[in-house]
1. Assigning unit charges at the beta carbon (Lys, Arg +1; Asp, Glu -1) and nothing else, what dipole magnitude in debye, to the nearest 20, does the range 142-186 show about its Cα centre?
2. Helix 64-74 versus the longest principal axis of the chain: what angle, 0 to 90°, nearest 10, using Cα atoms?
3. First compute the accessible area of the range 201-241 with a 1.4 Å probe, then give the percent of it belonging to carbon and sulfur atoms.
4. Quick check: at a probe of 1.4 Å, how many percent of the accessible area of the range 1-74 sits on carbon and sulfur atoms?
5. Take the range 16-162, drop everything but the C-alpha atoms, weight them equally and run the Debye formula without solvent; then report log10 I(q)/I(0) at 0.13, 0.16 Å⁻¹ to two decimals.
6. With +1 on each Lys and Arg Cβ and -1 on each Asp and Glu Cβ, how big is the dipole of the range 174-240 about its Cα centre, in debye rounded to the nearest 20?
7. Given the options A14, W226, L161, identify the residue whose Cα lies farthest towards the positive end of the charge dipole of the chain (+1 on Cβ of Lys, Arg; -1 on Cβ of Asp, Glu).
8. Once you have the Kirkwood Rh of the chain from its Cα pairs, apply Stokes-Einstein at 25 °C and 0.890 mPa s and quote D in µm²/s.
Amino acid sequence: MTTISVVIPCYNDAAFLEKCLAALARQHRAPDEVIVVDNASTDASAEIALSGGARVVRAPQRGIWPAAATGYDAASGDVIARLDADSVPPADWLARIESALAESPQTDMVTGPGDFYDCSPLVAWLGGTFYIGGYFFWTRFWLGHRPVFGSNFAMRRAVWLDARLRVHRDRDDIHDDLDLSLNLSPSVRVRYDPTLRVAISGRPFDSWSAFARRARWGGRTFLLDWPADNPWRRHATRSAMRLHRAGITLFQHSRIGR
């Protein structure tokens, strides 16, 4: 049986975390392990995590990437699923992740979008359509594949073990999910499922400064390895990988037919 660890980075998000853990407790397919990464919180986040049955791992270096990477390193599951503290997954979230990976052994990662709450319906629609929708739509042209969304994705443990030394895990001024997407092996296959959704807080839109900071992080993440890692080189590498796979498949079929 596949085991699933859920990793939740958390900094001073006790109230959000309590809702997230309650949603995990209602999963049709229970997690085998829940890891809350306490990123030097000064509120009751660690206490809430322990009372909710989670294992608490400390990450004293502030930043989402340092916290997330610490959690991935600590996870023991065959699959590592990721939520943010303000994520509220539906009851079938883990069951669907497990099913998607089991039914498609060639899939290495599965991800989906989010639906904003704690904001007006207009802001929720704009955020879902242009912020998250734009992220998934436009980023794939740079990457050559779909990116993963940090509030809602899962990866096979082998994916993290392969990428953990390539990512910029000590940076606190970039997007961890985008950086991970940029540093995946060309052989990794990401499945985007638009129906695999979680609720997420609309707080990124609380102020223009918060939104602008996220935009700066996005640009910085894309340009971190420029020009060595550029879209043209990425697409060429993935095209070569697809041709290689096709050649292996044809060879296997020819052997079977003999």
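1. Roughly 280 debye, rounded to the nearest 20.
2. Roughly 70 degrees between the two axes.
3. Looking at the range 201-241 in its full context, I get 62 percent from C and S.
4. 55
5. -0.64, -0.99
6. Value, rounded to 20: 140 debye.
7. So the residue we want is W226.
8. For these conditions, the coefficient is 129 µm²/s.
The values are calculated or read from the model by the stated rules, or taken from the named source; none is laboratory data. These figures come from a predicted structure and were not determined experimentally. For neighbour counting, all protein chains shown are included, and Cβ atoms are generated from backbone atoms with ideal geometry for every residue, glycine included. Just the protein is used for accessible areas: all its heavy atoms, side chains included, with ligands, DNA and RNA removed. Shrake-Rupley method; radii C 1.70, N 1.55, O 1.52, S 1.80 Å.
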